Structure formats: C-alpha cells, structure tokens
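Okay, so here's the structure we're looking at.
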Amino acid sequence: MRELNSFDRVPLAVLPTPVQRLENISRMLGTNVWIKRDDMTGVGLGGNKVRKLEFLLAEAKAQGAEVVFTTGGAQSNHAMLTAACALKVGMTPILILKKRGVTDRRGNLLLEHLMGVDVRFMDTDDYADIYAEMDRVGQAMGKPYYKIPCGGSNALGALGYVSCAKEIAESGMDFDYLICAEGSGGTHAGLALGAKLFLPHTTVVGMMVDTDPFDVITMGIMKEAVKLLEADVELGPDDIHLRPMAGPGYAIPSAEGTRAVRLMAEKEGLFLDPVYTGKAFAGLLAMAEEGAFRPTDNVLFLYSGGAGGLFAVDMPD
C-alpha cells in the first residue's frame, strides 16, 4: 500500500487533534463517550475540511493554480474553510454557492466578508450548473484555476480522514464505535476506509444530514481512495453503516438535533451546530437510547466543526 506521507500535502491543520472523555454525557448514557476535537484544526473556526484541504490544495499548487473555486450551500462550512485555507497559502478563492438557506451576512457569510472573499450565488439545485459556471468564470479570468467539489468530497480529499483514522489508531486508544456527520460523503468514506486499514474493530457510523444516496456516494469515494492508496482491500456493503438524521430536511433544524445541541452545551460546555454535528450527535443519543452501546463500550464522536452555522440558523426553543 502506498504510504499516506508519500502524497503531497500543504501543512494547514494543527494535529493531532485532542480526544476528550465527555464525563457528564457518559454518566447519563451509561457508556463511555469520547469526542475527537476536529473543531480545533487551527484555521478559521476549525473543522473537518482542513484535513481534506491539505491534500486538495497541494494538488492545486502542483498544477500551478492561482484561483481556487468551490461550492456548497449559502452557509457552507466547507466553502468558508476553503477560502480561509486558500488565502493562507497565497491563492485566490472564489465561492459560487447555491442560493439556498440563509444568504444574509450572518454565520459563515460574515466570516467570508471579513476575509474579503469573492462570494457569488446561483439560483440552482444542480451542482453541474455551478461547476460549469466555475469553468466560465475561470476561463474568462485567464488564470490557472482548480475546482474543489462540494465538501471536498472526492478520493483525494477523503485521504484526510484515512489519515485521521490512522491518527486515532496511533493514539493507542481503542474505540468500538466512531460516529460522524454525513453531509457529502468524504469524511465518512475516509474514516470507514481508514478503520478498515487501521481500526479493524471499530464500527464507523455516518449520520446522514441530507437525503442523498450516501450508500452509493460513500462507497464510490472509498473505492477511488483505495485506488489512490494502491491498497489490497476488499470493500462491501458491511463496510458502510448509515443512519438517517436529516429530520425535516437539509439545513433545517430538527427537534432531535436541537435537543442534542442544548445537551452538549449544558452538560459539556461545547457548542455543536444545528445542520451537521447537532444532528449527528442526536443520532448517537438515539443509538444509546435504543441500547446499541454496552456499558464497557468506547464511543468516539467526531466533532467536525461548523460553529459558524450556529450563528446563522434560527433555532427553535
């Protein structure tokens, strides 16, 4: 297998990120719940995209790109972090976002304004329209450019979370379950493949915050990542575990997600967001309530960031 350190990377993240035991929530749930603080990756407000961007921006620089495009919803955490990381390494970010959700200068859009980022909206539900617009704008500028997909979710980006799984394994800690939010597939794909390689006794569960066919999406990214790694790995349906947690819809707060956000704030002094991590943690709580975890289990929750969204979405009481 090709070593992860053989791939070009731009050093961006502060690693390894801490792992902490959630003492109060562990007592409440009757099992051992831990949190992987990937909100502390060191750029912007932190978050899972920084690990992916180390690989993606390295490829962009290797190709001589001066401009970096990416996309997402109006309050995309990925878009904000891509802009921050691109600026940090001397590249020009342009964000072409779906005109969906909160488009006021709040949350991540405020952060992008503070960075002076070129943000454009398209009134479309089809990312193909946006990627075509990236080509149109890039060609008109006459500068070499690089396109990063929504969420940084492709095989190269997923290597950031294969690496994260290796980081967890090297910590010497053993986990029975690893829980993450599933919004575009790349984080879960990287963790699931990384678990296959480095954490064979850990079950990775992706909490779906959207209604896309993530069984197909995640497996597709995993298979492409296996090719990049030249790994001798057989993948099958049993390697992907998913739970629907979108509630009323993507980027719309759910009652379960709001409860989870409040619980984490009240019990542990940590602030999840209502779009991704709140719904993902609600899935962990639901699994505990259903008796999925034994008292001796160790359950690791990946806190993938997203705090900017907490200040954009109106949350119910």
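Which residues, counting only those in the range 111-149, are over 23 Å from residue 54 (Cα atoms), within 23 Å of the chain's Cα centre (by Cα), in contact (Cβ under 8 Å) with a residue 12 or more places away in the chain and part of a helix (DSSP H, G or I)?
Within the range 111-149, 127, 130 qualify.
If you scan the range 13-27, which residues turn out to be under 17 Å from residue 260 (Cα atoms) and either among the hydrophobic types (A, V, I, L, M, F, W, C) or touching a Cys at 6+ places or on another chain (Cβ under 6 Å) (or both)?
Residues satisfying the conditions are 22, 25.
Looking only at the range 246-277, filter to residues that are aliphatic (A, V, I, L, M) and in contact (Cβ under 8 Å) with a residue 40 or more places away in the chain; which one of those is surrounded by the most Cβ atoms within 10 Å (Cβ to Cβ)?
Filtering the range 246-277 for residues that are aliphatic (A, V, I, L, M) and in contact (Cβ under 8 Å) with a residue 40 or more places away in the chain, the one surrounded by the most Cβ atoms within 10 Å (Cβ to Cβ) comes out as 275.
Check residue 169 against each of (1) small (Gly, Ala, Ser); (2) assigned to a helix (DSSP H, G or I); (3) without any contact (Cβ under 8 Å) to a residue 24 or more places away in the chain and name the one condition it does not meet.
If we test residue 169 against (1) small (Gly, Ala, Ser); (2) assigned to a helix (DSSP H, G or I); (3) without any contact (Cβ under 8 Å) to a residue 24 or more places away in the chain, just (3) comes out false.
All of the numbers you see were taken from the coordinates with simple rules; none came from a lab. Just so it is clear, the model here is predicted, and its values are computed rather than measured. In this analysis, Cβ positions are derived from the backbone assuming ideal geometry, glycine residues included, and neighbour counts consider all displayed protein chains.
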